[in-house]
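Data block below; observations after.
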Amino acid sequence: MLSLVVLLPVAAAASLALARWLSDAVARRVWLAVAIAELVLVAALWAGFDAPKPGRLAYEEQVAWIPGIGSSYHVGLDGLSLPLVALTAVVFAACAAYALREQRRPRAQAALFLSLQTTCLGLFTAQDLILFFLWFDLSIVGMYFAIAGWGHGDAARSALKFFLYTFLGSLALLLGFIGLYVAAAPHTFDMVELTRNPPLAGRPVAAGLVLGAILLGLAVKTPTVPFHTWLPPAHTDAPAIGSAVLAGILLKMGTYGFVRIGMPMLPGAWRAWAWVVVAVGIVSILYGALVALAQNDLKRMIAYTSVNHMGYVVLGVGTAGLVARSDAEARTVAVSGAVTQMVSHGLITGALFLLAGVLHERAGTYDLDSYGGLAGPAPRFAMLLAVGAFASLGLPGFSGFIAELQVFAGSIAVAPVTAVALLGILVTAALFLRALQHLLVGATRGSSVGFTDLRAAEVWAVGPLLLLSLVIGLAPRTLLDVIEPAARTVVELVGR
Amino acid sequence: MSLDRADSVRALAPELVLLVGALSVLLGGSYLPRTRQWVSRLVAVAALLGAAVVAAVDLPGRPSGAFEGTYALDRGTAVARLVVLAATLLVVLLGTDELSGHRQESETYTLLLLAALGAIVLAGAHDLLVLAVGFLLASIPLYALVGQPRTPPAAEAALKTYLLGALLGITMLLGVTLLYAVAGTTRYAGLAGRLATAPSTVVAVGAVAVLGGLLFKAGGVPAHSWVPDAAQGASVTAAAFLTTVPKIGALVAAFRLVDLMPDSVDVRLLVGLLAVASMTLGNLAAYAQTDPRRLLGWSTVSQVGYLLVPVAVAGDSPLALPALLLYLAAYAVTNLGAFAVVAALPERRDLAGYRGLAGSRPWLAAALLVCLLGLVGTPPTAIFVGKLTVGVAAWDGGAAWLTVALVVNTVASLFYYLLWLAPVYRAGEPVERTAPAAFVPRPWAYAAALIAAAVTLALGVASGLLWAVVDGPLMPPG
C-alpha cells in the first residue's frame with residue numbers, strides 16, 4: 001500500500017514521458033487526476049493510521065536491496081512522517097491544479113513534477129539511510145530541471161547554484177551516513193536499527209564529527225543561516241509551482257532529517273550541539289525576518305520569510321537537546337511545534353508562492369513598487385493574498401500560530417533567553433503588512449491596471465491550502481494527536 | 001588449490017576463445033574485400049560473446065590457481081573477464097558506425113580483442129612475469145589503436161602514449177627484477193611470505209616500480225598525461241576502449257599487488273595519496289575543457305582516483321574487493337555510455353554544439369544525462385553504489401580521510417558534468433536547434449548509448465544482484 005502511494009506518481013510520470021502522442025490538455029489532466037488519486041490514497045492512509053508504539057512503524061514494508069552493505073528497501077510511517085506525506089500530497093495536488101494553464105511543454109512538466117512527488121514521498125517514508133539519500137539526491141536533480149526548464153530571469157545560473165550548493169549538502173549528509181554505518185555494530189544503514197542501538201554512544205568526538213557532517217547537510221537543505229544563500233535566487237527564478245514545491249516540501253527534507261536522523265541516532269552528540277542548533281535557529285529567525293523586510297521583490301521576500309520560518313523549526317528541535325535544563329514535557333511541546341510548523345509552513349508558503357506566480361504571469365514582475373491598489377481589479381487575489389499573509393505572520397486561528405506558540409512555549413520554558421526570537425514575529429508582521437499595503441491598497445496604478453483576477457483553477461489551487469491552514473488553526477487536535485506521541489518518543493530518544 | 005595442466009588449459013577457455021577470435025579476425029580480414037569486412041565484425045562479436053558465456057558459466061566458487069598458481073582463477077579474475085568482455089562488446093557496438101567499411105576495420109577488431117585479452121591477463125596474473133606479459137599484451141595494441149587516424153593530434157597522442165608506456169614498462173620490469181632479487185621467486189604465493197623478511201627499502205622501490213606500470217595502464221596520476229591526449233586524438237572507438245578496458249585489468253592487478261605487500265612497506269598510504277591526487281587533478285583539469293572527448297579523458301583520470309581508493313585499503317576491509325569490482329563494472333558501462341553519445345554525434349567537438357539536443361533527440365539526451373549524472377555518482381545509477389561501497393570500504397579500512405576526499409571531489413566533479421548538460425537541457429532554444437533534423441545520431445552508437453544508460457540504471461537499482469556476483473574471495477597471496 002505504502003509503496004503504491006510512493007511509486008504511483010513516478011509510474012504515471014514514466015507513462016507520460018513515453019506517450020509522445022498525448023495532447024497537452026490530456027497530459028495536464030492526467031497529472032491532476034494522479035495528484036488527486038494520491039490525495040485519496042493518503043487520506044486512506046491517514047484514516048487507517050494507528051499510532052505505532054515507540055520503535056515501531058505503521059504500514060511497514062521491507063525488502064532486501066543490497067544485503068552486502070546492510071541496506072534494504074524499508075519504508076514505514078509514524079507520527080513524524082505521516083503529516084509530511086499528507087502535506088506532500090496536498091501541495092502537489094495544488095500545483096497540478098495551478099498548472100492547468102501551463103503553456104510551456106506541459107507533458108514534460110507533468111512528468112517532472114510527478115517524479116518529484118515520488119522523491120518527496122519516498123524520502124518521508126524511507127526507513128533506510130541509503131533509500132533516504134537516494135530520494136534526497138533525486139529531489140535535487142528534479143528541482144534543478146524544474147528551475148532550469150521552466151524558470152525565468154537568470155534561471156540557468158540560479159539552477160546551477162541550487163544544484164551545486166544542495167549537492168554539497170547532500171554529500172556531507174552521505175559522509176555522515178557512512179560514518180553511522182561504519183560505527184554501527186553490526187554494520188547497517190537501517191534507520192530503525194540505528195535508532196534502537198545508537199552508534200558512537202561512547203565516543204563523543206567521533207559522534208560530534210558525524211553529527212557535524214549530517215547537520216551541515218541538513219542545514220544547507222533547510223536552509224539555515226549561514227547556508228541559505230542558494231535559496232533567494234533559486235526562488236526568484238523558479239516557476240511558481242517549482243517554488244511552491246521547493247519551499248513547501250523540499251525544505252522540509254532538511255528539518256525532517258533533524259527529527260528522524262540527527263536526534264534519535266546521535267542523542268549524545270545532539271545534546272552536546274544543542275546550544276549551537278538553538279543559536280542557529282534564533283539567528284535564522286531574526287536574520288531571515290530582517291532581510292525579508294528589506295526586499296522589494298515579493299518572491300524574494302517570501303523566500304527570506306522561509307528562512308525565518310524554518311528558524312522556528314530549528315529552534316524547536318534544538319531545544320529538545322537541552323535535557324539538563326528542563327522537564328520532558330516542555331521539550332515535547334517544542335518538538336511537536338517544530339513538526340507542526342513544517343506542515344504549516346508548507347501550506348502557507350506554498351499558497352503564497354502560487355499567488356506570487358500569478359503576479360508574474362499577469363504583469364511579468366514581482367516588484368512591489370510596480371503595483372498598487374490591486375484589491376480593485378483583483379478582489380479574489382487580494383483576499384487570498386491577505387489571508388496568506390496573515391496566516392504566515394502567525395495570526396491566531398491559523399496553523400502558523402499553533403506551531404509558533406508551541407515552539408515558543410517549549411523553548412522559553414527550557415531556555416528563557418530564546419524569547420529574543422519573538423522579535424522575529426514582530427518583524428514578520430511588519431513586512432507582510434508593508435507588502436500588503438504596497439500591493440493591494442491605494443489607487444490602482446502601474447502594473448495593477450487591467451490585472452485579471454484569479455481564475456477558477458488558481459482559486460482551487462491556492463484556496464484549499466489556506467483553508468487547511470485555517471482548519472489546523474481552529475481544530476489542531478486532528479494533527480496534534482498524530483504528532484504528539486511521535487514527538488514524545490523523539491524527546492525520550494534524545495534524552496537517552 | 002592448484003590445477004593440473006589439462007585442467008589449467010580448460011580453465012583458461014575464455015582467454016583462449018578470445019585469442020583464437022583475434023587471430024581469426026586478423027587472418028580472415030586479410031582475405032576479405034573492404035566491402036565485406038563486416039564478417040570480421042561478426043567473428044569478433046562471436047568471440048567476445050563466446051568468451052563471455054564461457055566465463056559466466058564457469059564462475060568459480062572456490063579460488064584456485066592455474067599453471068602452478070601463476071594465474072588466479074578467483075572472483076577477481078572472473079569479474080574482470082566479464083566486465084572486460086562486456087565492455088569490449090559495447091565498444092564494438094558503439095564503434096560500428098565509425099569502423100564500418102573503414103580500411104582498417106579488421107585490424108581494429110584484432111587490436112581490440114588482443115588488448116582486451118591483455119587486460120584480462122593483467123587481472124588474473126598471480127606471478128610477476130605473467131603480470132609483465134599482460135602489461136605488454138595490453139599496451140602494444142593500444143599504441144597502434146591510438147595512432148590509427150593518422151592525424152597530427154593522433155600521432156602526437158600515440159607518441160606520448162608510447163613513450164610513457166615504454167618508460168613505465170621498463171620501470172615495471174625493473175621492479176619485477178628487484179622483487180625477484182630479494183624474494184627469489186616471482187610467484188605471488190611465495191612472494192607474500194618472503195617479502196616480509198626482505199629489506200624493506202628494496203621491496204618498496206620494487207613495488208613502486210611495478211605499480212608505476214599499472215598506473216600507466218590505469219591512467220592514474222602521475223602516469224596519466226597520455227589519457228586526455230589519446231581520448232581527444234584517437235578515434236572515438238579507440239578512445240572509449242582505452243579509457244575503460246585497460247583500467248579494469250590494471251586496477252585488479254594493483255589490488256593483488258598491494259594486498260601482497262608486507263606491513264613493513266607502507267604502499268597503501270602511497271596508493272591513497274595517489275588516489276587523492278588523481279581525483280583532484282582530473283577534476284580540476286576537466287573544468288577548463290570544451291571538447292567533450294578531452295573532458296571525458298580528464299574525467300576518467302578522476303575516476304581512477306576513486307577506483308584507487310579500495311586498492312589503498314586492500315586487505316584492511318573485507319568490503320574493499322567487492323567495492324572495487326562493483327565500481328569497475330559500473331564505471332565501465334557508464335563511461336562507455338558517455339562515449340557512445342559522443343560517437344553518435346562525432347562532429348560535435350564542442351560542448352556548446354550540444355545545445356538543443358534535449359528538444360531534438362530526447363532519448364539521446366536522456367542517455368547522456370543518465371551517464372553523466374552516473375559519473376558524478378547520483379543515485380540510483382550503478383556508480384552511486386560503487387562510490388558508496390568504496391567510501392564505506394575506505395572508512396571501514398581505517399582510512400576515513402579517503403572517504404572525505406572522495407566526497408569532496410564528487411562535489412567538485414558535478415560542476416563540469418553540468419557544464420555539458422546545461423546546453424543540452426537549456427530552455428528556450430530556437431526551433432531549428434531543437435528540430436529532429438538538428439541532430440542526426442549515428443544509429444549503432446545511439447543504440448549503444450541507450451543500452452549503456454539502461455544498464456547503468458538497472459545495475460544501480462538491482463545492485464543487490466550485482467553485489468552477489470562481485471562478492472567472493474580472491475586467491476590468497478600466501
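For the reader, a short list of remarks on this structure follows.
- Within segment B:359-397, being farther than 30 Å from A:I130 by Cα and within 10 Å of chain A (Cβ to nearest Cβ) holds for one residue alone: B:G359.
- When the helices (runs of 4 or more DSSP H) confined to segment B:360-478 are screened for residues that are touching a residue at least 40 places away in the same chain (Cβ under 8 Å) and surrounded by 23 or more Cβ atoms within 10 Å (Cβ to Cβ), those reaching at least 1 such residues are found at B:362-376, B:382-396, B:400-425, B:443-461, B:463-470.
- Residue check for B:V333: among the β-branched types (V, I, T), closer than 20 Å to B:L273 by Cα and at pLDDT 95 or above: no
- Of the residues making up segment B:271-290, just one is without any contact (Cβ under 8 Å) to a residue 60 or more places away in the chain and not in a helix (DSSP H, G or I), namely B:A288.
- A:I241 surrounded by 24 or more Cβ atoms within 10 Å (Cβ to Cβ) and within 14 Å of chain B (Cβ to nearest Cβ): no
- If the condition is being more than 7 Å from chain B (Cβ to nearest Cβ) and either out of contact with any Gly (no Cβ under 7 Å at 6 or more places or on another chain) or among the basic types (K, R) (or both), then segment A:159-178 contributes A:K161, A:F162, A:Y165, A:T166, A:F177.
- Residue match in segment A:63-78 (condition: away from chain B (no Cβ under 13 Å) and surrounded by fewer than 22 Cβ atoms within 10 Å (Cβ to Cβ)): yes
- Tally of residues being touching a residue at least 24 places away in the same chain (Cβ under 8 Å), crowded, with 21+ Cβ neighbours inside 10 Å, assigned to a helix (DSSP H, G or I) and among the aliphatic types (A, V, I, L, M) across segment A:269-327: 19
- Scanning segment A:93-130 for residues that are over 23 Å from A:G217 (Cα atoms), within 12 Å of another protein chain (Cβ to nearest Cβ) and either surrounded by fewer than 24 Cβ atoms within 10 Å (Cβ to Cβ) or not small (G, A, S) (or both) returns A:R104, A:R105, A:R107, A:A108, A:Q109, A:L112.
- Considering A:A126, A:A185, the condition of being within 22 Å of the chain's Cα centre (by Cα) and more than 16 Å from A:G248 (Cα to Cα) is satisfied by A:A126 alone.
- Test: residue in segment B:47-54 that is farther than 30 Å from B:P310 by Cα and either crowded, with 22+ Cβ neighbours inside 10 Å or over 23 Å from the mean Cα position of the chain (by Cα) (or both): yes
- Flag if B:V84 is touching a helix residue (DSSP H, G or I) at 6+ places or on another chain (Cβ under 6 Å), without any contact (Cβ under 8 Å) to a residue 60 or more places away in the chain and of a type in the set (V, I, T): no
- Number of residues in segment A:1-46 that are assigned to a loop (DSSP other than H, G, I, E, B) and either touching a strand residue (DSSP E or B) at 6+ places or on another chain (Cβ under 8 Å) or among the basic types (K, R) (or both) equals 2.
The values are calculated or read from the model by the stated rules, or taken from the named source; none is laboratory data. What you see is a predicted model, and the numbers here were worked out from it, not measured in a lab. Counting neighbours? That spans all protein chains shown, and the Cβs are built from the backbone with ideal geometry, glycine included.
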